[in-house]
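The structure under discussion appears below in the form of structure tokens.
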Amino acid sequence: MIARAAFALALLCASMAHAAEEKPAQAYGEDHPACLEWTDGCLVCARLEDGSAGCSMVGAACLPAAVSCLKSK
């Protein structure tokens, strides 16, 4: 039982460390200047006229996926 709990804790810590290394979906536009609108399945971001990103709010129970571009120049 203790070994199972230790394994679960190690797995949780590893997944949290991986998530901390990833850039937030809002920053996707910085690395993809031709993308005008992108999503991670939870929020949708669009490039504003000044070049910054405007993003929707994330729902409490949403699990984000890999970010993908919805509309490009």
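For segment 24-73, what are the per-bin percents of Cα-Cα distances with bins 10 Å wide, up to the bin holding the maximum?
29, 58, 13, 0
I need the phi-derived Karplus couplings for segment 33-47: 6.51 cos²θ - 1.76 cosθ + 1.60, θ = phi - 60°, integer Hz, Gly and Pro marked x.
Taking θ as phi minus 60°, the curve returns x, 7, 7, 9, 8, 9, 8, 10, x, 10, 10, 10, 10, 9, 6 Hz for segment 33-47.
Read the figures in this text as sums done on the coordinates, not as results from a lab. Please read these numbers as outputs of a predicted model, since none were measured by experiment.
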